[in-house]
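Data first, discussion second: the structure below is written as structure tokens.
The values are calculated or read from the model by the stated rules, or taken from the named source; none is laboratory data. The structure presented is a predicted model; accordingly, all values stated were derived computationally and were not measured. When we count neighbours, we look across all protein chains shown, and the Cβ atoms used for this are built from the backbone with ideal geometry, even at glycine.
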Amino acid sequence: MYFLDLLGTFAFAVTGAYKAKGRELNVFGVIILGVITAVGGGTFRDLMIGRTPLFYLKDPNYFLVGILAGLLIYVMPTFFKRTYSFFRFIDSVGLAVFVIIGASVTSAFLFEGQTGITVISFLVCTFGGMISGFGGGVIRDAIMGDEPFALKKGSNYIFCAFLGSASFYVISFVNINLAVSISMILTLYFREITSKFGIYQRVILNNVKSEIIND
């Protein structure tokens with residue numbers, strides 16, 4: 001879980017820094033927005049359930065990973081417009097990871113020792129996972145003066161956050177490894193395979209069509 005948490009932190013920091021880089025912010029702006037995107041959702045979650053001190057104040061690795069991701073994006077060559085689908089996929093990976101972490105942390109903190117699912121625990125843990133997944137992006141977009149992407153009409157971001165979080169929480173009572181696997185598969189499938197903006201339709205299908213035309 002700790003490795004997954006750091007992976008999600010890196011993924012979200014990359015996407016936050018990527019958006020800041022596209023607005024031509026300086027290095028501090030890129031790093032700050034990367035870190036905010038990475039830890040914003042977890043901050044929302046911890047404050048909501050009363051879990052203090054906040055996770056990144058106890059473990060500085062979260063900050064270090066976010067800073068590293070921001071620096072990496074800032075110094076990389078500016079090829080971002082041509083690699084939109086790749087960075088969208090990175091964001092989807094971050095979402096898939098963070099909904100699992102959010103639901104797991106909420107369950108462990110509020111319902112430790114519970115052996116069954118109740119309506120309250122399901123709703124609270126699912127929401128804890130969802131807010132961990134999209135909270136940082138909402139804060140990032142608000143700071144940059146944009147409409148929150150996750151809340152836009154036509155976006156399946158929140159649906160995927162719900163699906164990943166709910167499936168993990170329910171299946172975790174059966175087997176934790178199975179829960180992680182199914183949750184990530186469902187989130188990535190609906191974000192990247194079925195969505196017309198996903199990497200499957202934008203990259204793979206377009207490449208296949210191009211090959212057919214060229215042949």
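Since Thr52 meets every condition but one in (1) surrounded by fewer than 18 Cβ atoms within 10 Å (Cβ to Cβ); (2) touching an Asp or Glu at 6+ places or on another chain (Cβ under 8 Å); (3) touching a residue at least 12 places away in the same chain (Cβ under 8 Å), which condition does it not meet?
Exception for Thr52: condition (3).
If you take the residues in the stretch 166-195 that are small (Gly, Ala, Ser) and closer than 24 Å to Gln114 by Cα, which one is surrounded by the most Cβ atoms within 10 Å (Cβ to Cβ)? Explain how you work it out, then say what you get.
Filtering the stretch 166-195 for residues small (Gly, Ala, Ser) gives 166-167, 172, 179, 181, 183, 195.
From what's left, closer than 24 Å to Gln114 by Cα: 166-167, 172, 179, 181, 183.
Working: Ala166: 21, Ser167: 22, Ser172: 20, Ala179: 20, Ser181: 13, Ser183: 26.
Checking each candidate, the answer is Ser183.
Every residue in the stretch 125-154 that is in contact with a Pro (Cβ under 9 Å, 6 or more places away or on another chain) and small (Gly, Ala, Ser), please.
The answer is Gly137, Ala142.
Scan the stretch 31-53 and give yes if some residue there is part of a helix (DSSP H, G or I), at pLDDT below 95, in contact with a helix residue (DSSP H, G or I) (Cβ under 9 Å, 6 or more places away or on another chain) and of a type in the set (D, E, K, R), otherwise no.
no
Could you check how many residues of the stretch 176-215 are at pLDDT 85 or above and over 25 Å from Ile158 (Cα atoms)?
0
For residues that are over 23 Å from Tyr56 (Cα atoms) and among the basic types (Lys, Arg), scanning just the stretch 118-165, find the one that is surrounded by the fewest Cβ atoms within 10 Å (Cβ to Cβ).
Result: Lys153.
Of a type outside the set (Ser, Thr, Tyr), out of contact with any Phe, Trp or Tyr (no Cβ under 6 Å at 6 or more places or on another chain), farther than 22 Å from Arg191 by Cα and not in a helix (DSSP H, G or I): does that describe Leu25?
Yes.
Would the stretch 67-83 turn up any residue that is closer than 28 Å to Phe197 by Cβ, modelled with pLDDT under 95, among the polar types (S, T, N, Q) and crowded, with 22+ Cβ neighbours inside 10 Å?
no
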